[in-house]
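The values are calculated or read from the model by the stated rules, or taken from the named source; none is laboratory data. Quick caveat: nothing in here was measured; it's all calculated off a predicted structure. Every residue, glycine among them, receives a Cβ derived from its backbone with ideal geometry; neighbour counts consider all protein chains shown.
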């Protein structure tokens, strides 16, 4: 018996195209920011709750740590007679004036030393030596030269601001890529334009970081000088509360220092957003 082989069945080959895995959709940026903001406030609320629990259950003696209710009551009493407003105004005035002169001094010295080799030789070494000396160690010298009045307090704050801002300005200018300057020189761009558009603009992120750091130190310097013969200010309130063992006033002043410092940092962050829109930097994941 002859068997005829069946013709082969044509099988259509399916072309398998590998599709990239779909990326998970990210939540809107506004919603992500809202969640992160809520998370940061939850951390603050947790700290306050822990503070309340420690004082409510008597884990810490009342003379060592006042309860949140006592701090709020002390704030209301100090605000009702105007003492709190006067203290905040005096401290803000000293920080504002001292920081203004400190920022101008730090920026000018940083630009001079960063742009010029001769400027570096004249300015950098003395500033680097002063950087090692804590500003509170120089307060007695400032008192001997300037007395214990307002000029001494303002100059100490200015000194505390100028040194870190100089360091960041100088380092920011010197960290700019040398090739950018060389390319600008090849195209015969004027030196003043190179200094402003290439060097100073490239150093701006680090300068603003130094400004945030310097303004934070300004509040630390303020605490140091306001306990020296000050008739008003948060440091004066702190000194008086320490003498009379008023822990609720001490905690109130500490909290106010933290709030004012955070407000200062927020203002610099707004300045960063306005001046650094051209920069695309990593912002976390």
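Of the helices (runs of 4 or more DSSP H) lying entirely inside region 189-285, the ones with 1 or more residues being exposed (fewer than 14 other Cβ atoms within 10 Å of the Cβ) are found at 234-243, 247-275. Considering the conditions (1) under 19 Å from the mean Cα position of the chain (by Cα); (2) surrounded by 19 or more Cβ atoms within 10 Å (Cβ to Cβ), residue 113 is excluded by exactly one of them, (1).
Per-residue answers, yes or no, for (1) modelled with pLDDT under 90; (2) out of contact with any helix residue (DSSP H, G or I) (no Cβ under 8 Å at 6 or more places or on another chain):
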{"position": "86", "(1), (2)": "no, yes"}
{"position": "102", "(1), (2)": "no, no"}
{"position": "107", "(1), (2)": "no, no"}
{"position": "112", "(1), (2)": "no, no"}
{"position": "123", "(1), (2)": "no, no"}
{"position": "135", "(1), (2)": "yes, no"}
{"position": "149", "(1), (2)": "yes, yes"}
{"position": "164", "(1), (2)": "no, no"}
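Against the test of being under 24 Å from residue 150 (Cβ atoms) and out of contact with any strand residue (DSSP E or B) (no Cβ under 9 Å at 6 or more places or on another chain), the options 235, 202, 172, 210 yield a single qualifying residue, 235. Look at region 116-129 and say how many of its residues are over 23 Å from the mean Cα position of the chain (by Cα) and under 17 Å from residue 159 (Cα atoms). Of the residues in region 116-129, 5 are over 23 Å from the mean Cα position of the chain (by Cα) and under 17 Å from residue 159 (Cα atoms). Do we find that residue 216 is closer than 29 Å to residue 73 by Cβ, touching a residue at least 40 places away in the same chain (Cβ under 8 Å) and touching a helix residue (DSSP H, G or I) at 6+ places or on another chain (Cβ under 8 Å) in this structure? Considered against the rule, which asks whether it is closer than 29 Å to residue 73 by Cβ, touching a residue at least 40 places away in the same chain (Cβ under 8 Å) and touching a helix residue (DSSP H, G or I) at 6+ places or on another chain (Cβ under 8 Å), residue 216 comes out as no.
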